[in-house]
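Reviewing the structure listed below.
Only the coordinates and a few stated rules stand behind these numbers; no lab work does. Keep in mind it's a predicted model, so treat the numbers as computed, not measured. Counting neighbours? That spans all protein chains shown, and the Cβs are built from the backbone with ideal geometry, glycine included.
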Amino acid sequence: MILDVDSPIPLHVQLKEFLRQQIGNGQYTERIPSEKELMETFSVSRTTVREAVSCLVREGLLEKIHGKGTFVTDATVNEWLGTIRSLTETVESMGMRPGIRLLSHGLRDDPEIASILGLKQYYGIERLRFADDLPIAIERDNYPVEIGRKLATYDLNKVTLYSVLEENGVVLHTAEQRITATLPSEADAELLGISHNTCVLTVERVTYDPAGNPIEHYLSTFRADRFAFCVRLYRKSSQVVGNLLPHFVPKSWANSAIDV
């Protein structure tokens, strides 16, 4: 492949995406070519190669081993916190193939979830999620009844819910999220292919529209050996003071830290 020097896309981004594609289609399964080999193959500088590779290392797709080279990581999916993304988008960003199996959907009336959504009844969608055919999560998405019924008109074994919401004018504006480590139920453990005494990551998120109305309650279980949540941190000046608390926190989260 020859990189396009006339493209508005920087060379290191072009190279990064090419390497991601090669990893995704199985061209590279262990060690990727050395810096020198990539420089010669693509006629680019060492800086360009290092920027491309470093991006994939930060995303968790590659890892550098001192004295040995740069290698493709295992099947762990890394989600960077800070944006509202679908699991399909996250899996695809890792160069992996997303998959879905619908488990159930319909009207629900759990009092706690209904209270968070400000409703008496809501519409729940439960799906088993895959990355390269490996089960990695059980997603439980809960919506106001009208939104849920609209989603149910699509093939829930295939569709990306966030894409459908946005296509139908639903704006996912802000969200508050909590991540905890727990033990799965026996049913969840069986679906995920793990022992019931293996730790999992539980994610609870409430998403709001621009007016501050809750439009989604998300409660999902992730395999801790195959999924990681990442965040990029910055140190703020001691002179910077602001209100860092979210505008709404469900009662059950009152004594917990919130990752947004």
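Entry for the stretch 130-237 at q = 0.18, 0.21 Å⁻¹: log10 I(q)/I(0) = -1.03, -1.19, Debye formula applied to identical alpha-carbon scatterers, no solvent contribution.
The C-alpha atoms of the stretch 71-146 occupy a region whose extents along the principal axes are 51, 27, 19 Å, arranged from largest to smallest. Coordinate range of the alpha-carbon atoms in the stretch 11-72 per principal axis, descending: 26, 23, 19 Å. Counted over the chain, the DSSP beta bridges are approximately 90% antiparallel. Charging the Cβ of each Asp and Glu at -1 and of each Lys and Arg at +1, and nothing else, the dipole of the chain about its Cα centre rounds to 580 debye. For the chain, the convex hull spanned by the alpha carbon atoms encloses 185 Å³ per residue. When the Gaussian network model of the chain links Cα atoms closer than 10 Å, the mean-square fluctuations of TYR208, TYR154, TYR218 top out at TYR154. Kindly put MET39, MET96 in sequence by how many other C-beta atoms sit within 10 Å of each C-beta, fewest to most. The most exposed by this proxy come first: MET39, MET96.
Among residues other than THR174 whose Cβ falls under 12 Å from its Cβ, what is the net charge (Lys/Arg +1, Asp/Glu -1)? Neighbour charge sum, excluding THR174 itself: -2.
For the pair ASP132 and GLU166 in one chain, pulling the backbone fully straight at 0.36 nm per residue adds 9.6 nm over the alpha carbon distance.
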